[in-house]
Amino acid sequence: LRNFYRLGVRLITITWNFPNEIGFPNCKDEYVYRGLTSFGHELIGEMNNLSMIIDVSHLSDKGFYDVARISKKPFIASHSNSRTITNHPRNLTDEMIKILSQKGGVMGINFEKSFLGENIPAEVSDMINHIKHIRKVGGIDVIAIGSDFDGVELPSEITNIGEIDKLAFELKKNNFSEDEIEKIFYKNALRVIKDTL
């Protein structure tokens, strides 16, 4: 971890789709209730000491709660949506959204179809449904853009960053203020980066 820090790394996603020395992913039922390892607990503490950003997207439910309990700094879920809107294990429950918000963190809206709903391709309106629900549960300050452009299998209506204006227009149509849109697009993420680093 310290070597990565010296090389300039300032954010680490704790797991991907396989267990590692730190914890367990949220891709199989058998991992949901398995949290951070003892090394994982140490790692979170040292990430706080080094002022590195902790990313819990892909981490098991138990791992999420472990990070929330241990971390003294805001943490993020870089590409996760609302599990209430779309029941995908990688999405966050309402309780998780509230905790993330209370800790001063953010969650980045994921554009992948299976995280958003049933539409193929996923539609901007699906993103709006998640954003509205997350705002209701955790407030506007917890929402950011995650996209997952480099990991999405089925493209949404927004297939690259050059089409992100579609989301801005749809947010305006749904009565989001200019300040709220700016928070979603960059201000919330920038705040967490500044608060943590």
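Scattering from the C-alpha atoms of the stretch 24-90 alone, worked out with Debye: what is log10 I(q)/I(0) at q = 0.26, 0.29 1/Å? With one equal scatterer per Cα and no solvent, log10 I(q)/I(0) is -1.17, -1.33. The value of relative contact order for the chain, using C-alpha pairs under 8 Å at least six residues apart, is 17 percent. Amide H contacts for THR84 (H built 1.01 Å from N in the peptide plane; partners 5 or more residues away or on another chain; cut-off under 5 Å): ASP94.
Summarising the strand pairing of the chain, around 10 percent of its internal DSSP beta bridges are antiparallel. Against the chain, whose longest principal axis comes from its Cα atoms, helix 124-138 is set at around 50 degrees. Two numbers describe the Cα atoms of the stretch 1-47: Rg and Dmax, which are 11.8, 36 Å. Each part gets one Cα centre, and for the stretch 20-66 versus the stretch 91-138 those centres are 20 Å apart. In order along the stretch 50-62, the phi-based Karplus estimate (6.51 cos²θ - 1.76 cosθ + 1.60, θ = phi - 60°) of 3J(HN,Hα) comes to 8, 6, 9, 7, 9, 10, 9, 4, 5, 6, 4, 4, 4 Hz; Gly and Pro are listed as x.
Specify whether the C-alpha gyration tensor of the stretch 134-175 places it in the rounded, prolate or oblate class, a ≥ b ≥ c being the square roots of the eigenvalues: rounded for a/c under 1.5, otherwise prolate if a/b is larger than b/c and oblate if not. Oblate, because a/c is 1.5 or more while a/b does not exceed b/c. The HN-Hα couplings worked out from phi for the stretch 168-185 by the Karplus form 6.51 cos²θ - 1.76 cosθ + 1.60 (θ = phi - 60°) are 4, 4, 5, 5, 4, 4, 9, 6, 7, 6, 4, 5, 5, 5, 5, 4, 5, 6 Hz, whole numbers, x standing for Gly and Pro. Using a probe of 1.4 angstrom and keeping all protein chains present, the accessible surface of the stretch 37-89 works out to 36 square angstrom per residue. With the Kirkwood sum run over all distinct C-alpha pairs, the stretch 1-116 has a hydrodynamic radius of 14.1 Å. Taking 26 Å as the cut-off for C-alpha to C-alpha distance, list the pairs among LYS28/LYS72; LYS136/LYS187; LYS62/LYS98; LYS28/LYS136 that go past it. Beyond 26 Å between Cα atoms: LYS28/LYS72; LYS28/LYS136. At the listed q of 0.13, 0.14, 0.17 Å⁻¹, the Debye profile of the chain, built from one uniform point per Cα, gives log10 I(q)/I(0) equal to -0.66, -0.77, -1.12.
Taking a Cβ cut-off of under 14 Å around GLU163, the surrounding Lys, Arg, Asp and Glu residues balance to a net charge of -3, with basic ones at +1 and acidic ones at -1.
The values are calculated or read from the model by the stated rules, or taken from the named source; none is laboratory data. Only a predicted model underlies this, so the values are computations on that prediction, with no experimental measurement involved. Don't worry about glycine lacking a Cβ; one is built from the backbone with ideal geometry, like all the others, and counts go over all protein chains shown. Note: areas computed on protein heavy atoms with side chains; ligands, DNA, RNA excluded. Shrake-Rupley method; radii C 1.70, N 1.55, O 1.52, S 1.80 Å.
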